[in-house]
1. Name the one entry in Ser388, Ser422 that is farther than 20 Å from Trp85 by Cβ and open to solvent by less than 20 Å² (accessible area, probe 1.4 Å).
2. Among (1) open to solvent by less than 20 Å² (accessible area, probe 1.4 Å); (2) in a helix (DSSP H, G or I); (3) at pLDDT 90 or above, which single condition is Ile86 missing?
3. Tell me, which helices (runs of 4 or more DSSP H) wholly within the range 318-396 include 3 or more residues that are of a type in the set (S, T, N, Q) and touching a residue at least 40 places away in the same chain (Cβ under 8 Å)?
4. Looking at (1) modelled with pLDDT of 90 or more; (2) farther than 18 Å from Lys180 by Cβ; (3) surrounded by 21 or more Cβ atoms within 10 Å (Cβ to Cβ), which is the one condition that is false for Val104?
5. Would you be able to tell me the number of residues in the range 177-196 that are in contact (Cβ under 8 Å) with a residue 12 or more places away in the chain, hydrophobic (A, V, I, L, M, F, W, C) and assigned to a helix (DSSP H, G or I)?
6. Read through the list (1) open to solvent by 40 Å² or more (accessible area, probe 1.4 Å); (2) under 23 Å from Ser136 (Cβ atoms); (3) outside any helix (DSSP H, G or I), then give the number of the only condition that Glu439 fails.
7. Could you say whether any residue in the range 273-291 is aromatic (Phe, Trp, Tyr), more than 24 Å from Leu178 (Cβ to Cβ) and modelled with pLDDT under 95?
8. Only residues in the range 215-243 that are free of Cβ contacts under 8 Å to residues at least 24 places away in the same chain and in a helix (DSSP H, G or I) count as the first member; pair them with residues that are open to solvent by 80 Å² or more (accessible area, probe 1.4 Å) and not polar (S, T, N, Q), Cβ under 8 angstrom, at least 6 apart or cross-chain, and list the lot.
Amino acid sequence: MLRKHQILSLASSSNPQRNLNVNSLKLFAFSPLFTSTSTSTNPSASPDSSLTSELPDIPSWVSKQNTGTQPSGHDDFVIPSLATWIENHPKVRLFPTKKPETPVEKITKILKCPYPSPEIVVQALNASDLSVSDVSVDQLLKRFSNSWISAYGVFIWAKTQSGYTHTPELYNFMVDVLGKAKMFDLLLVLIEEMKQLKGYINLDTIFKVMRRLANARRFSEAIEVFRRIEELGVEKDVMALNGLLDALVKGDGVEHACEAFFELKGCIPLNSSTFNILVHGFCKARRLSDARKILNEMNEQGFQPCTVSFTCFIEAYCREKDFRNVDAILDEMKEKGCRPNAVTYTIIMHARGKAGEIGKALEVYEMMKKDSCLPDSSFYGSLIFILSKAGRLKDADEIFEDMVKQGVKPNALTYNTMISSSCGHSLEEKALKLLKRMEEDSCKPDISTYAPLLKMCCRKKRMKVLNFLLSHMLNNDVSIDHTTYTLLVRGLCNSGKLEQACAFFEEMVLKGMIPKGSICTMLVDKLEKEDMIEAKQKVQELVPNVKEPKITV
């Protein structure tokens with residue numbers, strides 16, 4: 001734990017006028033108060049499953065044009081201290097070599113091609129000499145989780161293999177992939193199939209379905225799934241009800257959650273979490289008077305408001321930068337015997353830091369010590385973010401090292417904060433070394449780890465390192481999503497790498513991801529200015545409603 005003189009030193013040296021531009025830093029939401037997710041920290045890729053680059057081939061409709069652009073000296077540059085790591089990292093062999101390809105490499109190459117339907121994916125896999133015994137289906141599904149056609153094609157192909165049966169966990173994973181892609185008709189077919197298998201549908205399955213429906217704002221259908229839950233072999237109890245309410249609240253449907261609550265509260269025994277979910281939902285919607293009504297209902301039902309209940313109000317007031325009411329809620333908590341926890345203090349410190357009150361944010365640590373509340377990785381991550389945002393990178397580094405000394409292991413969120421900060425300040429070597437350290441610590445990266453690194457590489461025109469990062473993503477089974485494709489197309493356009501931008505744009509569209517209008521217009525405009533007429537026309541064919549660039553005289 002940081003010693004008092006350290007934290008006071010940080011507070012006393014805060015400079016409110018020193019606020020560097022760190023727009024690439026992502027804000028962290030500390031609102032999952034009722035549900036938690038576990039993340040495996042074991043490396044998922046073995047040497048045999050290593051692949052290279054997910055960098056798509058330059059489309060023929062771009063590469064055969066004489067653009068007049070030449071590779072720059074930035075393209076192949078690699079920082080010397082990282083060269084060995086990058087060069088020795090397992091890569092996909094895009095061209096034949098003497099070393100035979102592994103089965104996973106072969107299947108990944110097949111799946112990287114765009115297909116119009118899962119059935120065509122199955123045909124392509126059946127035409128190969130591969131069988132399901134050669135590969136890990138779980139790994140492939142994760143690797144292509146943001147390309148539902150490829151993932152579902154693998155799922156169907158594996159299911160038809162003799163001697164192989166999908167586990168309930170893989171069915172649940174596929175349910176989530178289809179739900180995320182809003183392929184609800186296929187999802188319902190899969191649920192019916194799971195129902196016939198007996199015992200394959202569990203509470204986790206129901207949670208996934210309700211959450212994806214609620215995220216798509218199909219609130220009534222999510223509620224209907226809950227009503228029919230017993231037909232699917234799952235008990236209609238308070239855990240299931242809380243899952244429904246949580247899904248509706250997180251899908252911005254607190255009104256629907258409240259209606260479901262009043263409809264069902266008489267037939268299902270409730271617990272304090274039931275009320276806290278609704279309190280959180282109304283606080284999130286800035287309807288604090290309704291949140292208070294739920295607290296009253298909570299009391300009437302014999303449940304006392306707890307730390308979670310009051311933390312919801314604190315988070316709401318923090319969003320408004322209403323720190324007077326934040327202090328009032330803290331006093332109310334103490335009067336009622338509810339001690340703030342690490343989540344409470346993290347929310348307050350984070351809000352103070354975002355408001356530019358660095359000194360006040362750092363004082364929160366002293367409050368924690370007085371309450372004998374130990375900081376966790378989220379608290380440290382928030383503190384690092386605040387210091388980085390203020391341009392105090394040395395202090396942030398000291399906090400990062402100190403948390404390790406205090407026995408708090410950095411998690412993906414902590415590393416992501418450090419990497420994002422480094423990229424935001426163009427500290428390329430530091431950012432990549434943090435990714436390497438993350439790998440050495442067996443801390444599995446996620447899409448948020450790579451986004452700032454990819455953005456930095458586009459900005460600096462580091463094509464070789466970009467290629468490496470895409471390979472690193474694939475080896476860690478991190479699938480490129482819509483947001484990442486958008487980032488790559490935008491970044492490469494801005495850097496004048498139009499061929500590569502077109503390659504990612506085509507791959508994005510052919511995977512069924514619809515680009516935003518602004519991205520289409522940007523790409524068409526850049527191609528127009530470079531007189532790449534054929535490429536411009538092809539982009540307009542890929543997305544027919546793309547607007548023509550404005551011609552200025």
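The values are calculated or read from the model by the stated rules, or taken from the named source; none is laboratory data. Please read these numbers as outputs of a predicted model, since none were measured by experiment. So basically every Cβ, Gly included, is an ideal-geometry build from the backbone, and we count neighbours across all protein chains shown. The area values use the complete protein model at the heavy-atom level, side chains included, leaving out ligands, DNA and RNA. Shrake-Rupley method; radii C 1.70, N 1.55, O 1.52, S 1.80 Å.
1. Of the residues listed, the single one that is farther than 20 Å from Trp85 by Cβ and open to solvent by less than 20 Å² (accessible area, probe 1.4 Å) is Ser388.
2. (3)
3. Working: elements: 323-335, 342-354, 358-370, 377-389.
Answer list for the range 318-396: 377-389.
4. Only one criterion is unmet by Val104, namely (1).
5. Of the residues in the range 177-196, 8 are in contact (Cβ under 8 Å) with a residue 12 or more places away in the chain, hydrophobic (A, V, I, L, M, F, W, C) and assigned to a helix (DSSP H, G or I).
6. So Glu439 meets the others, but not (3).
7. Here is the first cut: in the range 273-291, the residues aromatic (Phe, Trp, Tyr) are 275, 282.
From the residues that got through so far, the ones that are more than 24 Å from Leu178 (Cβ to Cβ) too are 275, 282.
Subset that is modelled with pLDDT under 95: none.
No, the conditions are met nowhere in the range 273-291.
8. Ile229/Glu235
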